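Engineer: Quick one: this structure, given as structure tokens, is what I'll be asking you about.
Any read-out appearing in this document is the output of simple, stated calculations on the displayed coordinates, not a laboratory observation. Computed from a predicted model, the values in this text were never measured in an experiment. Ideal geometry is used to build each Cβ from the backbone, glycine not excepted, and the neighbour counts take in all protein chains shown.
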Amino acid sequence: HPHPYDFFNMCMHLSGKDLSELIHSWFFIKGVPDLAVDSISGSDVAIANLGDMMLPIDLEVTYTDGTSENIRRDALVWAGGKRSVVISLAKPVEVATIQTSWIPDADASNNSKSIY
């Protein structure tokens, strides 16, 4: 009879990554998901993890030239207890918005920021 740890170990083996922090944040603590766009500085967007869970970052950015792009970072960007991550892009950013379509966010009011 398989146990949850058999599943966790299989996921780590198949991915080739240490997922222990991710597994702990999703299965063993009662945390809340809460990401926020902390700041925009030129082509850098700082994302803060205000909650307790390691979450993927799905970010929609609109550049100052009017074009837009979707950026994705996996949940392992929060490994080692990081509380903030800077995403450097190729062009200056006008608006950055965290997309939360499949994971509810505890405070959606801080999921978007504009340079204006």
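Engineer: Just how large is the dipole of the chain about the Cα centre, in debye to the nearest 20, putting +1 at every Lys and Arg Cβ and -1 at every Asp and Glu Cβ? Before the final figure, lay out the partial values.
Structural biologist: Numbers: 8 positive and 15 negative charges, 35 e Å.
The calculated dipole for the chain is roughly 180 debye.
Engineer: Per DSSP H run of at least 4 residues, take -39500 (n - 2.57); add these up for the chain, divide by its residues and hand me the 222 nm value, nearest 500 deg cm²/dmol. Numbers along the way, then the final one.
Structural biologist: Values: 2 runs with 20 residues, N = 116.
Value at 222 nm, helices only: -5000 deg cm²/dmol.
Engineer: Filter the chymotrypsin sites (Phe, Trp or Tyr not before Pro) in segment 53-105 down to the DSSP loop ones having no more than 10 other Cβ atoms within 10 Å, then list what survives. Present the calculation step by step, with values, prior to reporting the outcome.
Structural biologist: Values: sites: Tyr63, Trp78, Trp102; in loops: Trp102.
Qualifying residues, ordered by number: Trp102.
Engineer: Identify the chymotrypsin sites (Phe, Trp or Tyr not before Pro) of segment 1-50 meeting these criteria: DSSP loop state and at most 15 other C-beta atoms within 10 Å of the C-beta.
Structural biologist: Numbers: sites: Tyr5, Phe7, Phe8, Trp26, Phe27, Phe28; in loops: Phe28.
In loop regions of segment 1-50 (DSSP not H, G, I, E or B), the sparsely surrounded chymotrypsin sites (Phe, Trp or Tyr not before Pro) are Phe28.
Engineer: A further question follows. List the relative contact order of the chain as a percent without decimals, with contacts defined as Cα pairs under 8 Å and 6+ residues apart. Show your work: numbers first, answer last.
Structural biologist: Numbers: 217 pairs, mean separation 33.0, N = 116.
With pairs under 8 Å counted, the relative contact order is 28 percent.
Engineer: Could you give the Stokes-Einstein D for the chain in µm² per second, using the C-alpha Kirkwood radius, 10 °C, 1.306 mPa s? Intermediate values should be presented prior to the final figure.
Structural biologist: Working: Rh = 15.3 Å.
Here the translational diffusion coefficient equals 104 µm²/s.
Engineer: ³J(HN,Hα) across segment 99-116 via Karplus (A = 6.51, B = -1.76, C = 1.60, θ = phi - 60°), whole Hz, x for Gly/Pro?
Structural biologist: With coefficients 6.51, -1.76 and 1.60, one gets 8, 10, 6, 10, 10, x, 10, 4, 9, 6, 5, 10, 8, 9, 8, 10, 6, 8 Hz.
Engineer: Right, here's the next one. Using only Cα atoms and rounding to the nearest 10 degrees, what angle (0 to 90) does helix 4-15 make with the longest principal axis of the chain?
Structural biologist: The answer is roughly 50 degrees.
Engineer: Oh, and also: Where Lys and Arg each count +1 and Asp and Glu each count -1, what net charge lies around Gly51 among other residues with Cβ under 12 Å from its Cβ?
Structural biologist: Result for the neighbourhood of Gly51: -2.
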